[in-house]
Amino acid sequence: MGRCDLDARHGPQVVRTAAFHPIERGFTLLEVMVAVAIFAVVAALAWGGLDTLARSRHALDAESARLAALQRAVAMFERDLRQVAARPVRDGSGQTRPALFAGGDGIEVSRFVGQGGWVGPSPQVERIDWQCRDGRLLRARWPALDRAPATRPEAEALLDGIDDCRWRFVDDGAVVAAWPPQEADVAALPRGVEFRFRVDGVEYRRLLELPQSAEHAP
């Protein structure tokens, strides 16, 4: 816009002024370097937080899987012992093995198992072998009660990192470390079984009362 001045000699005159144009300026190299440095620090902090979160999640998932494996192994052991059957078997050499035999790091037991969802006239019996070996808890299932020399069990590793397996048996108030006791009948069963073991330095203990109906196995 111009400005109008009155001059007595020359009359009105318009005085023009120059229009204002702002000066355009960009970022300096120092400002860019500071911005990049701040971004790098923020990114490093964010990555550290995400990495810590991922590691924590991984550790939590591993611990959850470990707990699930422990619960599954203990549940299977309890099921096998609660379905115990007073049925001795013959091994591959023709020798009689007691209905429940335990010594060292293992326990072998006959147990009832239903066929076809318990549709049959009576439950069947199978032989199960539990072993603590090389830091693992193994469960083996024999395909036949009375074995041939070439009969081999189907084994499954249920738990890793296990050690110090111990079995104890309760019978008429007495506690023994092996079963069966000397001079006991091969079909005899204890009234209770205690299983102690350690996993990653933590000790666990299970004490199970065996069913009285186990004395009437076929």
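Throughout, read-outs are computed from the coordinates displayed, never taken from laboratory work. Computed from a predicted structure; not experimentally measured. FYI the Cβ positions are ideal-geometry reconstructions off the backbone, even for glycines, and counts take in every protein chain you see.
Would region 75-161 count as rounded, prolate or oblate if I go by the C-alpha gyration tensor, calling it rounded below 1.5 in a/c and otherwise prolate when a/b exceeds b/c, oblate otherwise? Judged from the Cα gyration tensor, region 75-161 comes out oblate (a/c at least 1.5, b/c at or above a/b). Highest-first packing order for the peptide set 133-139, 36-42 is 133-139, 36-42, based on the mean count of other beta carbon atoms within 10 Å.
Sort 184-196, 91-103 by the packing proxy (mean of other Cβ within 10 Å over each peptide's residues), most packed first. The partial results should precede the final answer.
On the way: 184-196: 17.8, 91-103: 16.0.
Highest mean packing first, the order is 184-196, 91-103.
When only Cα pairs below 8 angstrom with a gap of at least 6 residues are kept, region 75-161 shows a relative contact order of 24 percent.
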